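Participant: Can you read through this structure? Questions will come right after.
Bear in mind that the values in this text are calculations on the coordinates, not laboratory data. Keep in mind the model is a prediction, meaning the values are calculated, not measured. Cβ placement follows ideal geometry from the backbone for every residue including glycine, while neighbour counts extend to all protein chains displayed.
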Amino acid sequence: MSYNQGPTDIPLVEQTFGQLLDDTAARWPDTEAYVFKKTGARVTFKDIQDKASRLAAGLKAIGTERGDVVAWLVGHRPEWIYLYFAVAKLGAIALPLLAPRVGRSEETMTYCLKKAGVKVLIMGDVTGVDETDDTVPYLCSLFPEVKTAKPGKLQIERLPKLTSIIVLGDIATGIGAYTMDEVQTMGSDEKIIAEVRALQDQLSCHDTFWLRFTSGSTGQPKCVEHSTYSFYNYLRLATKRFRTTAEGTALCPYLTSPLIVNLPMFTPGCAVVFPASTAPSPVEIMETIQEERCLSISMLYVKDFHDMLHDPRLAEYDLSSVRAVTIGGNVTSKSLIDRAADVLPNVRVVVGYGMTETLGVAGIPADMTGEGKGATVGKLSPHVEIQLVDKDGRVVPLGHEGEIWVRGYSLFKRYRGDEEKTSKAMTADGWFKTGDVGTLDEDGVLRLYGRVSDMIIRNNYNVYPAAIEAPLSKHPKVQDVRVVSVPDPASVEEICACIILKEGQSADSGEMKVFCVEIGMVPIELPGYFIFLDEFPVTTTLQKVDRKKLRLIAIKKLGLQEP
């Protein structure tokens, strides 16, 4: 039957991130841990310990307690690293917000702050990168109450838990917000520092430490809660398993996860390099690799990896230092792996499978992904269980398609503020229903086909988009392809292939249909429609294609009507 468990020979451990920082700083105080291309800062473990401890005391001085939520707009600045560990030392909860997603959106910002129950909000500016004069006008438009409030005394009816706002620089004059400098000065109080130090022995790694909002591709974003225990052990085990960042510099394109923030703690001698932009372009990624001689890319979304490998300026950059890349975030096509092998022949690509709720479930070197339908995502991570079930929750035989359910230490605790959604996603005996469809073979290798919600029902046949996208992506003119359903009076749902062509190329539906026949695509999977677009809509995380919006675009472009 389709059940398996990852290896359990390496035991799980219990430690908080505050303890981890103190231990690492004591062993390697002067070792460089982080490089920030935006500011030019190069940060050591001792730097982090000193500034995080002082910032923790400052946050405590303005009323931040164990269990309080501290949010900030994520940017590639050293302050955000210090914040992660300062929050950990208080036993508070970190909520890094993706700046391009919430910046200048009153609706999204208010939704996130309210859902998470944020007490302290910290901002550099709307983009989360610079210290600019945009911050104060934005805050005043978002929270008019800040104009008359005193720092730490905010009273906002729609956000009853938000009491304090902190801004970088000296731009808080005249409004009810602290500056970061003021908070750090408060952190010089020896009595409060001693209280923070004494607190370390009282904290539990099983407490909620980190919040993150899901992509929102299936409705309003859900607020996922994780403990230090899940993050600590996942990163520790993944580092041992893949050894992709054992030394030298590792490029990290995004600063949204404690997984990346704590990476140097497990591999001292591996400095994490953040590019200047919070949403770096392929050119920025390649420039950073060339300048810093990065040995690895610690995590890259499939879309960004695709864009880099197909960038027309790829040959202009020296990427010869790179030895390993870990990719994830979506189904990885064989054609993309083939492209990587052609242009980066000395790079070991590791494909990871997981999601916000589960962290890492499985992983595999990309050269083992194989051909055929679906995408091989490898064998299970340590201490993780999976089972594949049918629509009634019964485990299916090996090799049969089923929904992937996951159980283990790395699971999230709950959807914050959504007990009903939590109970629907979790079974009474601890299984999380991922919504992904896959198969498991006799060797314990997991293959991924896509989302249950993406499945197309055509003439009573179930068709998964990945089964069509993989072969279509091999067309020499195709840069990217996504398959969605569109309404059809005869078949109920018809298949529409949405295609982005490579620069300078042109094609039509007839050419694509001929190609599908030539490669032997079975008739039930042959798209009834082909449309050509310049770009795909993305979800609010900016990292995944929004298939719901893409479907609406296809319906409109084809002149169809919903039944």
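Participant: How much length, in nm to one decimal, is gained on full extension between Asp189 and Lys161, taken as 0.36 nm per residue of separation minus their Cα-Cα distance? Walk me through the numbers on the way to the answer.
Facilitator: On the way: separation 28, 0.36 × 28 = 10.08 nm, distance 2.58 nm.
Contour length minus Cα-Cα distance gives 7.5 nm.
Participant: If you place +1 on the Cβ of every Lys and Arg and -1 on the Cβ of every Asp and Glu, how big does the dipole about the Cα centre of segment 400-473 come out, in debye to the nearest 20? Write down the numbers at each step before the final one.
Facilitator: Values: 10 positive and 12 negative charges, 76 e Å.
For this selection, approximately 360 debye.
Participant: For the pairs Lys433/Lys477; Lys115/Lys544; Lys119/Lys421; Lys502/Lys556, note any where the Cα-Cα span goes beyond 31 Å.
Facilitator: Working: Lys433/Lys477 37 Å; Lys115/Lys544 22 Å; Lys119/Lys421 24 Å; Lys502/Lys556 23 Å.
Those over the limit are Lys433/Lys477.
Participant: Report the relative contact order of segment 455-558, percent, no decimals, based on alpha-carbon pairs under 8 angstrom and at least 6 residues apart.
Facilitator: 25
Participant: Where Lys and Arg each count +1 and Asp and Glu each count -1, what net charge lies around Asp454 among other residues with Cβ under 11 Å from its Cβ? The partial results should precede the final answer.
Facilitator: Working: positive: Arg451, Arg482, Arg547, Lys548, Arg551; negative: Asp436, Glu469.
That works out to +3.
Participant: So how do Thr110, Thr434 line up by other beta-carbon neighbours within 10 Å, fewest first? Intermediate results must be reported in sequence, preceding the final value.
Facilitator: Details: Thr110 17, Thr434 22.
Listing Thr110, Thr434 from fewest to most nearby Cβ atoms yields Thr110, Thr434.
Participant: Just add up the charged neighbours of Ile555: K/R +1, D/E -1, any other residue whose Cβ is under 12 Å from the Cβ of Ile555.
Facilitator: +1
Participant: If you wrap a convex hull around the Cα atoms of segment 455-558, how much volume per residue is inside, in Å³?
Facilitator: On the way: hull volume 10.6 nm³, N = 104.
About 102 Å³ per residue, rounded to a whole number.
Participant: What is the fewest-to-most order of Asp508, Asp392, Asp50, Asp22 by other Cβ atoms lying within 10 Å of their Cβ?
Facilitator: Details: Asp508 9, Asp392 5, Asp50 14, Asp22 19.
Sorted ascending by nearby Cβ count, the order is Asp392, Asp508, Asp50, Asp22.
Participant: Something else: Express the Stokes-Einstein translational diffusion coefficient of segment 13-110 in µm² s⁻¹, to the nearest whole number, given a Kirkwood radius over alpha-carbon pairs, 20 °C and a viscosity of 1.002 mPa s.
Facilitator: Translational diffusion coefficient: 148 µm²/s.
Participant: Between Ala428 and Lys474, what is the label-point separation in nm under the 7 Å Cα-to-beta-carbon projection?
Facilitator: According to this spin-label approximation, the distance is 4.8 nm.
Participant: So what's segment 466-508 giving for Cα Rg divided by 2.2 N^0.38 Å, two decimals? Write down the numbers at each step before the final one.
Facilitator: On the way: Rg = 12.0 Å, N = 43, 2.2 N^0.38 = 9.2 Å.
That ratio works out to 1.31.
Participant: Follow-up. Considering only C-alpha atoms, what is the centroid distance from segment 338-362 to segment 1-67, in Å?
Facilitator: Cα centroid of segment 338-362 versus Cα centroid of segment 1-67: 25 Å apart.
Participant: Give the percent of DSSP beta bridges with both residues in the chain that are antiparallel, rounded to the nearest 5. List each step's numbers first, then the result.
Facilitator: Details: 57 of 95 bridges.
Bridges in the chain are about 60 percent antiparallel.
Participant: Given Cα pairs under 8 Å that are at least 6 residues apart, what percent is the relative contact order of the chain?
Facilitator: Values: 1189 pairs, mean separation 72.0, N = 563.
Dividing the mean separation by the residue count of the chain yields 13 percent.
Participant: Treat the count of other C-beta atoms within 10 Å as a stand-in for reagent exposure and order Tyr254, Tyr138 from fewest to most.
Facilitator: Details: Tyr254 21, Tyr138 18.
The most exposed by this proxy come first: Tyr138, Tyr254.
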